[in-house]
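The structure appears right after this line, and notes come after that.
No lab work stands behind these numbers, since they all come straight from the coordinates. Given the structure is predicted, the values throughout are model-derived calculations rather than measurements. In this analysis, Cβ positions are derived from the backbone assuming ideal geometry, glycine residues included, and neighbour counts consider all displayed protein chains.
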Amino acid sequence: MKIFRTIKAIAVSILLLPGMFSAASAQDKVVSWKADAKNIGEDLYRIEIEATIEKGWHIYDLDPACPAMPTSFTFSYGEGAQPEGSLKQHQEPTRVFDEIYGEEIGYFEGKAVFTQDVRLSTQGATVEMFLEYMACNDMNCLPPADTTITFTLGAESAAVPVAVSAEEHRELKAADSASVISETPSNLWSNILSAIMWGLVMLFTPCVFPMVPMTVSFFIKGSENKRIGRFRAFMYGLFIILLYTVPIAAIIVITRIVGGDAVTADIFNWLATHWLPNIIFFLVFMIFAASFFGAFEITMPSKWVNKSDQSSNKKGLGGVFFMALTLVLISFSCTGPIVGSVLIESVQGGKFWDPIITMLAFSIAFALPFTFFAFFPSVLKKLPKSGGWLNSVKVVLGFIELALGLKFLSTADQAYHWGILDREIYLALWIVIFTLLGFYLLGKLRFKNDSPVEHVSITRLILSIVVFTFVVYMIPGMWGAPLKALSGYMPPMATQDYVVTAGGAVAQTTVTSGNVEGRKYADFLHLPHHLEGFFDYDEALAYAREVNKPVFVDFTGHACVNCREMEERVFSDPRILDMFRNDFVMVALYMDDKTEVDESEWVTTESGRVFKTLGKINTHIANERYNINAQPYYLIVDHEGNQLVPNRSYDLDIEAFIQFLENGKKAFYEKQ
């Protein structure tokens, strides 16, 4: 069993991290840039930028109306510097009529030179240049590249040329397989919708967006027969779907065939709750966020990309397949973090087929634009032009990755009771992260690959309002506000040091009374809303016999998002709280707690397997006695543990839950 668990854990890690072992500098040089600044008369300087373009490739001209991605230069002038005239291009671009766009497009081949004159009033003034471009050949395009160069004019350093190559700045992307899985069918549907949303959002990233018209052009121009061209485009989309879905499906199916259902469940449980994968997932999210912010680039090995690109020149469906593979590899550093996060969420408990279904949903949404635009190429004219806004999308995703990554550190922290990331610390980090995102949207923060924000667009303004509203919503949580909308993502209220009540600030402790004192594990486990209860199954049954009340059994978990939602949205109802306090003995059985109990409490199964941790023992109770292997699950049982009414799982219907409690109480007293 341990071998199978190890194999699956390694396999998932390989799926998540293949591109982290290759840097962008491994790519073939296609376009190299040389920049220089010269004094051309007293206080007048000329910045000259020269592009050397490999044979067979081209870059687009400066026309901002170019429907592809035009080459663009953005200059920021420091104090004492101002432009003298406009940017000049010293070669006439080649102009051709493009059938896809239905208009002429200009481009440069071989060499292109651009100059910008600058007038100084102060020696040593600085000028920052932000360059964006995209290199294409007759078959396809590389992802957009960009760089920023700062010139100090009027100083000795001004005459030092700067060489910038595509090797240093290209953003190759690739993707691995991922999906979303959940504890309940209702949550599966929400995760499928989330996967579809992310699949469509990926279109508007700098690695994918410019590829749409180029790949569509390849299929339309690749065949004189439009029907054949559209069929090949359809197959292109199908191959993208298969390349995303088949790897994760194969791993899961092989694991089940070799080890059976128990092994797959054990693997998912291990990935969801053990400190090692959760810390790895946390670090992966931080690395991807840093990459999105522009700290470095994560790419697939160039050998894979180049081999796939060469094979795409083949005729027939084989060439179409390798075109799809090239896109999947090139798009990694944009799609990889999102797909990886979806996969990580998918393995946190549930049915084995859920990741496959959700991965299928993501890949269909991702592949759909390519097929759609191949059938309706005229729609391409209505798409926004490529530009710096694509990098802004990438940075926004970086902030989201930063916030979501904290969930995995929180899961490990709660399961092992480290006390690192209590609720108020978690909230403080989210408040800071989303505040910085709001400032970024307003143009007050800028990363190295960003274009200057000269004015705030309506879109940025609306998004910043949404983000700052979210920040304001979270702030009361620092003093104990429940924040029900975030209940599935926040650490439980019991981890907060104090809350503000009508009587002022009070310590966040669990209220106990009578024989409830001295309960097992109550020093580190808590029930929500100051409820009193137990965390040991046998202890709860014994106390229920003393007070002659039914037992409410809550199979829960530290890493269970739906458990937190039920606690904050359903358990918080005053009528339910009143019934919990007066009519039931409560026991919360954490199925993922890693605390090793006293040896006298260990459970040995008939097969000789020994359960030593609290979580394993509670899971054994759920499996063997009630045939339950998910969370949350709620039971009402008598003093002997016999179930009185049908159980309930994740369901936010408060009235139905009240009826469940009423039925359980009635069945208990009728049985006596």
- Full-extension gain in nm, residue 86 to residue 375, via 0.36 nm per residue minus C-alpha separation: 100.0 nm
- Query: How many nm is it between the label spots at residue 654 and residue 595, if each spot is 7 Å from the Cα in line with the beta carbon?
  - Reply: 3.1 nm
- Compute the separation of the alpha-carbon centres of the stretch 588-628 and the stretch 435-457 and state it in Å as a whole number. 52 Å
- Simple spin-label model, 7 Å along Cα-to-Cβ: residue 667 to residue 242 in nm? 5.0 nm
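If R0 is 30 Å, what FRET efficiency do you get for residue 456 and residue 95 from their C-beta distance, rounded to 0.05?
FRET efficiency, residue 456 to residue 95: 0.30.
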- Quarter of the surface of the C-alpha convex hull for the stretch 389-508, i.e. direction-averaged projected area in nm², equals 8.6 nm²
- Message: So, R0 is 45 Å and r is the distance between the beta-carbons of residue 109 and residue 429; what FRET efficiency does that work out to, to 0.05?
- Response: 0.35
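Could you line up 610, 587, 395 from fewest to most neighbouring Cβ atoms inside 10 Å? Don't skip to the end; give the middle numbers.
Numbers: 610 10, 587 26, 395 20.
Final ranking by Cβ density, sparse to dense: 610, 395, 587.
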- Message: What FRET efficiency comes out for residue 484 versus residue 546 if R0 is 35 angstrom and r is the Cβ-Cβ distance? Round to the nearest 0.05.
- Response: 0.50
- Based on the Kirkwood radius over alpha-carbon pairs, what value in µm²/s does the Stokes-Einstein equation return for the translational diffusion coefficient of the stretch 510-671 at 4 °C and 1.567 mPa s? 81 µm²/s
- Message: If neighbour count is taken as other Cβ atoms inside 10 Å, put 579, 359 in order from fewest to most.
- Response: 579, 359
- Taking neighbour Cβ counts within 10 Å as the exposure measure, how do 558, 620 sort from fewest upward? 620, 558
- Query: If you stretched the chain out fully between residue 137 and residue 623, how much longer would it get, using 0.36 nm times the residue separation minus the C-alpha to C-alpha distance?
  - Reply: 169.0 nm
- Message: Between residue 448 and residue 538, what is the label-point separation in nm under the 7 Å Cα-to-beta-carbon projection?
- Response: 6.1 nm
